[in-house]
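Comments concern the structure below.
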Amino acid sequence: MRRRLLLLMFTLFFSFGLQAHNLRIGAPLPRVGVADKGELLYQNNEFSYKSWNSAQLKGKIHLVQHMAARTSASEMNAAMVEAIKKASLPGKYYQTATIVNGDDALFGSLAYSRNWLENNKKMSPAAQFILDVHGDVRQAWGLRAKSSAIVVLDAGGRVRYIKEGALTLPDVQQVIELLHRLLPRGAM
């Protein structure tokens, strides 16, 4: 009996550790702001930053990529990024937001992450790119370090999908199908 109880306690403890984030399907994101750096802007061939807050993720359907400032985290989302490009979702109803956790960068690589953000902002000016130097978003949302997460929000800012780590091809297909279902009828 005692052995079963210990096994049950271990299983419960271990299963809670697997899902560390505090994001819930159907609930709004926990509010968090990024004051140091924040959203990357590109106007008149110049880059600048402004404070950003998760409350801004309303009014459109959003695919939020949160990733450590590491190449390995970026690679986890490569298939998702390509699928989004191919889907050609209407900007009137959809926006991608990429949040890079600069606190989770390898020593000396934050400048590389800034260059990566700037290049991507030039290529996708309608997308949001947020540099979170202190890792405030990861902490507020309870996300894993050194990893990546994909979150889909409906136009009301409620979480409709969340997955940490690398997405499989069926995961990517599920996200694309969900994004299409969230669009208003006749939007495509």
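The values are calculated or read from the model by the stated rules, or taken from the named source; none is laboratory data. All figures in this text were calculated on a predicted structure; none of them were measured in a lab. Neighbour counts run over all protein chains shown; Cβ positions are idealised from the backbone, glycine included. Surface areas here come from the heavy atoms of the whole protein model, side chains and all, with no ligands, DNA or RNA. Shrake-Rupley method; radii C 1.70, N 1.55, O 1.52, S 1.80 Å.
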Members of region 113-138 found to be touching a residue at least 60 places away in the same chain (Cβ under 8 Å), out of contact with any Ser or Thr (no Cβ under 6 Å at 6 or more places or on another chain), surrounded by 15 or more Cβ atoms within 10 Å (Cβ to Cβ) and not charged (D, E, K, R), listed by number
Leu117, Gln128, Ile130, Leu131, Val133, Val137
With a cut-off of at least 2 residues that are within 29 Å of Leu110 (Cβ to Cβ) and at pLDDT below 95, name the helices (runs of 4 or more DSSP H) lying wholly within region 1-99.
71-76, 78-87
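Of the residues in region 35-46, how many are in contact with a His (Cβ under 8 Å, 6 or more places away or on another chain) and among the hydrophobic types (A, V, I, L, M, F, W, C)?
From region 35-46, those in contact with a His (Cβ under 8 Å, 6 or more places away or on another chain) are 36; that's our starting set.
With the extra rule that they be among the hydrophobic types (A, V, I, L, M, F, W, C), the set shrinks to none.
Qualifying residue count for the region: 0.
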Just to be sure I understand, how many residues within region 139-163 are open to solvent by 20 Å² or more (accessible area, probe 1.4 Å) and either under 10 Å from the mean Cα position of the chain (by Cα) or among the charged types (D, E, K, R) (or both)?
6
Within region 100-112, which residues are modelled with pLDDT under 80 and touching a Ser or Thr at 6+ places or on another chain (Cβ under 8 Å)?
Ala105
Tell me, which residue of region 31-84 that is basic (Lys, Arg) and under 13 Å from Ile130 (Cα atoms) is most open to solvent (accessible area, probe 1.4 Å)?
Lys50
